[in-house]
């Protein structure tokens, strides 16, 4: 079983974290510098000429390399002043090269060119609208975004396209997200997010401005099929750290340090097949947890929240489960919640987005009478199933995280099905299924602290002895030190 100890804050230029994640980079303010002189064949961009980068990009052929000289580069005062790369273009910043949107320009790099590279730049001050991004605004494919500081922009620092590589960047203090991995009408494949520091995002506090929007945090992933999220330091974001939402599949979330985020460290929602392993996760979810507790909401808000997500062997992936293993969760507000909303399924009013599962191409088919029998009975809902939680260490020191049992919970549960009136999932059907029949298992974990356990619904609060006993049979082979230590 993997164990880890808490570490102090990183020193300048250091790496941080010595738990399962190993060392992760403290990137912000310590980035690798770009070339001090223009590489052979590169076009030099003069910062004293307003709009030069846009004009030179239009004037040169695909595959051109541009070297931005030291200084503050601007794109004219026009709202739509932007750079429209051509296929294969590269943009390299000299030390001290800044691309500044002046609080006026909406976007920095736009349109769907392929194989664009952006390195060594500071990109700041752009005014992207809600749900839109500053870099790769139109989700071009095969982009490489590496060793940049992208900070203090509205919207998201960047969007993502297929096979995009986001490596070694400082994504800091952006208005909504560090990364919005979304491509309208498309599935994003082969995404790599590695070695970045993702900090202080959602300065706009969007969840409070638009309650229930589900539109905040460090990174949001939508319909991404195949993602490696490795060795990132994700911290101090307002909202969740990492959030996969609606029909993601085949995720590897590995060796990250995720700490001090206001919401959950990881949310995996309405999605499939993921490996979450070797991460150090600490001091997350205090703000959201206290909000729930303060208004008397008994729902077990968690640090890893598996919401209507499960393993699905019919989808191609590196696993056919949600496998959560080898992680350290230390002094967070609660642990792992596996949840399934009995009223949320394709064609239900509780699913207002209109999306359907990855297994049913037409939501309208999820109707009576076909939905009452297989395959639609199973495939019309995102099922929390085939979940394995094992070989993790859960540490909770009640002198650090203070609450009246509401921050000490591990849970597998559903609500009572109530609508629509034609729903085949009324009553306790889904609660029984997620608790007893969908292969959701905790085992071989280590617990330190006053942990409690919820099963089936919020009214069944269990000691670890009851959690392990029939009919639940959870956490076989696990160890418990209730008082900590």
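When both bridge partners sit in the chain, DSSP labels roughly 5% of those beta bridges antiparallel. Take the Cα of residue 203, step 7 Å toward its Cβ, do the same at residue 350, and the gap between the two points is 3.9 nm.
Each of 15, 308 was scored by other Cβ atoms within 10 Å of its Cβ. Listed from fewest to most, they are 15, 308.
How high is the relative contact order of segment 232-346, in percent, counting Cα pairs under 8 Å that sit 6 or more residues apart? Taking the mean separation of contacting Cα pairs over the length of segment 232-346, I get 27 percent. Each label was represented as a point 7 Å from its Cα along the Cα-to-Cβ direction; for residue 184 and residue 78 these points are 2.1 nm apart.
Using the beta-carbon distance between residue 437 and residue 368 and R0 = 30 Å, what value does 1/(1 + (r/R0)^6) give for FRET efficiency, to the nearest 0.05? The value I calculate is 0.80. Bridge orientation summary for segment 287-429: considering DSSP beta bridges with both residues in this region, about 5 percent are antiparallel.
The overall shape of segment 87-167, judged from the alpha-carbon gyration tensor, is oblate: a/c is not under 1.5, and a/b is no greater than b/c. Taking a ≥ b ≥ c as the square roots of the eigenvalues of the Cα gyration tensor, an a/c ratio of 1.5 or more together with a/b no larger than b/c marks segment 387-460 as oblate. Entry note, the chain: the mean residue ellipticity at 222 nm calculated from DSSP H runs of n ≥ 4, each adding -39500 (n - 2.57), is -1500 deg cm²/dmol after division by the residues and rounding to the nearest 500.
Counting only DSSP beta bridges with both residues in segment 381-485, the antiparallel share comes to about 15 percent.
The order of 295, 277, going from fewest to most other C-beta atoms within 10 Å of their C-beta, is 295, 277.
State the Cα centre-to-centre distance between segment 60-139 and segment 419-485 in whole Å. Each part reduced to its Cα centre gives a spacing of 49 Å.
Each Cα pair under 8 Å and six or more residues apart adds its sequence gap; the mean of these over the residue count of segment 319-469 is a relative contact order of 30 percent.
The mean sequence distance of close C-alpha pairs (under 8 Å, at least 6 residues apart), as a share of the length of the chain, puts its relative contact order at 9 percent. Going from the residue with the fewest nearby Cβ atoms within 10 Å to the one with the most, 360, 267 rank 360, 267.
Please label the shape of segment 186-308 as rounded, prolate or oblate, based on the square roots a ≥ b ≥ c of the eigenvalues of the alpha-carbon gyration tensor (a/c under 1.5 means rounded; beyond that, a/b larger than b/c means prolate, else oblate). Judged from the Cα gyration tensor, segment 186-308 comes out prolate (a/c at least 1.5, a/b above b/c).
Using the Cβ-Cβ distance between residue 210 and residue 40 with R0 set to 56 Å, the FRET efficiency from 1/(1 + (r/R0)^6) comes to roughly 0.65.
Laboratory data are not the source of any read-out in this text; all were calculated from the coordinates shown. Since the structure is predicted, the reported quantities are computational estimates derived from the model, not experimental observations. Cβ coordinates were reconstructed from backbone atoms using ideal geometry, including for glycine residues, and neighbour counts include every protein chain displayed.
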